[in-house]
1. In the range 113-154, what residues are of a type in the set (A, V, I, L, M) and open to solvent by less than 30 Å² (accessible area, probe 1.4 Å)?
2. Yes or no: Asp58 open to solvent by less than 40 Å² (accessible area, probe 1.4 Å) and modelled with pLDDT of 90 or more?
3. So which residues in the range 36-52 are small (Gly, Ala, Ser) and at pLDDT 90 or above, if there are any at all?
4. Within the range 116-133, identify whether any single residue is modelled with pLDDT of 85 or more and among the aromatic types (Phe, Trp, Tyr), and answer yes or no.
5. Looking only at residues in the range 20-45 that are free of Cβ contacts under 8 Å to residues at least 40 places away in the same chain and assigned to a helix (DSSP H, G or I), which one is surrounded by the fewest Cβ atoms within 10 Å (Cβ to Cβ)?
6. Would the range 11-19 turn up any residue that is farther than 20 Å from Val163 by Cβ, open to solvent by 20 Å² or more (accessible area, probe 1.4 Å) and charged (D, E, K, R)?
7. Ser167 versus (1) closer than 26 Å to Met32 by Cβ; (2) open to solvent by 80 Å² or more (accessible area, probe 1.4 Å); (3) modelled with pLDDT of 65 or more; (4) in contact with a Ser or Thr (Cβ under 8 Å, 6 or more places away or on another chain): which is the lone unmet condition?
Amino acid sequence: MNQAVFTNSALLKYWNTTRGGNKTQLSVSDVMQLGVAVKCIDIYPVQGSGVQALHLNDGYIDLSINGNLYTSFPDFINDSFGSFSEQKDISNDSMSFKVSNVSQSFQVLALSGGLKNAQVNMWLTILNPADATVLDHSLMFSGYIDYFESISNNDDLKNELTVYVNSIWKKLDVQQRTLAANSVHQSTHKNDAYFSLLGKINSQQTWKYKK
């Protein structure tokens, strides 16, 4: 979240008016309590799949951000989203979230594999409480759709779709010797021989460590 959000005059005025007091700076917790945060989600299907990109937000109005129209889609089940935290190490931490009241067409698209491996970007968007203009739009998570799980029950009208997403580091699940193979590297970096001597270097290298 952009630091300017915490001293934004519109948010401070809204907090002080609705909560009382005379704060000059908000915390992350304060901002989230104001009810001005929405989640925006980009879904970019694999090229050649014939499926158009989707831009959704879990608020009650459509939002235009960076040239994309995020259609109001308030059927995300908010408590199904995982928590997010910054960390220095790299790992493939997958996540999932649920969508309720799924239309039949979207359900067919998802379960038929039309969105398999689609790239997903999840943004935390802060709105101005006075006019719903966008104050901040921060990327929280980026990954690729792994699979969907559907739950439908005509008795209690339950209709939910769980989306399972791998992080952008999903390639870490592949063995490192495969990732660093010269042929793999040259498949995307033609004529770059950076890894061509990797096997020879490793065979002559002595690795040491200290307790």
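The values are calculated or read from the model by the stated rules, or taken from the named source; none is laboratory data. These numbers come from a predicted model, not from an experiment. Counting neighbours? That spans all protein chains shown, and the Cβs are built from the backbone with ideal geometry, glycine included. Side chains included, ligands, DNA and RNA excluded: accessible areas come from the protein's heavy atoms. Shrake-Rupley method; radii C 1.70, N 1.55, O 1.52, S 1.80 Å.
1. Hits for the range 113-154 are Leu115, Ala118, Val120, Met122, Leu124, Ile126, Leu127, Ile145.
2. No.
3. Across the range 36-52, the qualifying residue is only Ala37.
4. Yes: the range 116-133 contains one or more residues that are modelled with pLDDT of 85 or more and among the aromatic types (Phe, Trp, Tyr).
5. Going through the qualifying residues, I end up with Ser29.
6. The answer is yes, given that some residue of the range 11-19 is farther than 20 Å from Val163 by Cβ, open to solvent by 20 Å² or more (accessible area, probe 1.4 Å) and charged (D, E, K, R).
7. (2)
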